[in-house]
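Q: First the structure, then my questions, so here it is.
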Amino acid sequence: MEVVIVAGPVEVGAFAAGRIAEIVAAKPEAVLGVATGSSPLETYRALAARRDAGLDLSRVSAFALDEYVGIAHDHPESYHAVVDREVVQPLGLDAARVRVPNGLAADLDAAADDYEAQIAAAGGVDVQLLGIGGNGHIGFNEPTSSLASRTRVKTLAPATREANARFFDSLDQVPMHCLTQGLGTILDAKRALLVAQGASKAHAIAQIVEGPVSSMWPGSVLQLHRHATIVIDEAAASEL
Ligand code: GLP
């Protein structure tokens, strides 16, 4: 596991975008794994600047990590809408090459299997961008997630629903369930790039970097990945 500590959030984004840009420059049809949440926003901003400077992102494909179950795709906080607004539009990606799990499927287990099949058909993810929850979740793999898990339905932890309530009118509007790539799915990405900023992530970062590999801190599974990079600012590194 490579740990890169930089000054602040802007530097985290710049470093992560540089890594992604190198991969896309070498393989213009690269498959990106994209994450929602506030953590990767500086990375998307820095990537958009690289695109303005000539990086061609028009041929990349992208797979989102997760989606809420049961909210309309055009709901502004559905991850379909978030990925479109925060990733596809600013980066000028081809929307036809961008996939988000279908949390509205009548058969969610089949939708999960189909998502895995789509990732495999694309040749796998070249670089998976990740944020981390304060409880150590990656994607929506909450504590106790199997380290070998594949895309499936999960119940959101109360702490995650409370953290994400800021995006909704009230806590009871935050969905109870999600479809998320599993930890095994994430481990299959050729490279993993986790970004975190701020003191609120410091404990989770210390656990996943220096603690044991444990389903109680799902991000710790990245210790098993051959090419995992953790890019954090000084505040997020403060408990290392
Ligand atoms: C969300 C997402 C995760 C994200 C995490 C942290 O619920 N499902 O992919 O990494 O929580 O969010 P933030 O970056 O806003 O702190």
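The values are calculated or read from the model by the stated rules, or taken from the named source; none is laboratory data. Note that the coordinates shown come from a computational prediction; the quantities given were computed from them, not determined experimentally. Here Cβ is always computed from backbone atoms with ideal geometry, including for glycine, and neighbour counts include all displayed protein chains.
Q: Would you tally the residues in the stretch 44-87 being of a type in the set (Val, Ile, Thr), without any contact (Cβ under 8 Å) to a residue 60 or more places away in the chain and in a loop (DSSP other than H, G, I, E, B)?
A: If we filter the stretch 44-87 for residues that are of a type in the set (Val, Ile, Thr), which is where we start, we get 60, 69, 71, 82-83, 87.
Narrowing the set further to residues that are without any contact (Cβ under 8 Å) to a residue 60 or more places away in the chain leaves 60, 82-83, 87.
Applying the additional criterion that residues be in a loop (DSSP other than H, G, I, E, B) yields 60.
Matching residues across the stretch 44-87 total 1.
Q: Now for a different question. Starting from the stretch 12-33, take each residue that is crowded, with 24+ Cβ neighbours inside 10 Å and list its partners that are among the aromatic types (Phe, Trp, Tyr), counting only C-beta distances under 7 angstrom and pairs at least six apart or across chains.
A: Short answer, once both residue conditions are applied: GLY33/PHE63.
Q: Within the stretch 127-161, restricting attention to residues that are within 11 Å of the ligand (Cβ to nearest atom) and of a type in the set (D, E, K, R), which residue is surrounded by the fewest Cβ atoms within 10 Å (Cβ to Cβ)?
A: The residue in question is ARG161.
Q: So in the stretch 197-240, with the set limited to residues that are without any contact (Cβ under 8 Å) to a residue 12 or more places away in the chain and not polar (S, T, N, Q), which one is nearest to LEU129 (Cα to Cα)?
A: So the first thing to find is which residues in the stretch 197-240 are without any contact (Cβ under 8 Å) to a residue 12 or more places away in the chain, and the list is 211-212, 214, 226.
With the extra rule that they be not polar (S, T, N, Q), the set shrinks to 211-212, 226.
Working: GLY211: 21, PRO212: 22, ARG226: 15 Å.
For the stretch 197-240, the residue satisfying everything is ARG226.
Q: Search the stretch 158-174 for residues that are modelled with pLDDT of 95 or more and pair each with any residue that is near the ligand (Cβ under 10 Å from one of its atoms) and of a type in the set (Asp, Glu) when their beta-carbon atoms are under 6 Å apart and the residues are at least 6 apart or on different chains.
A: none
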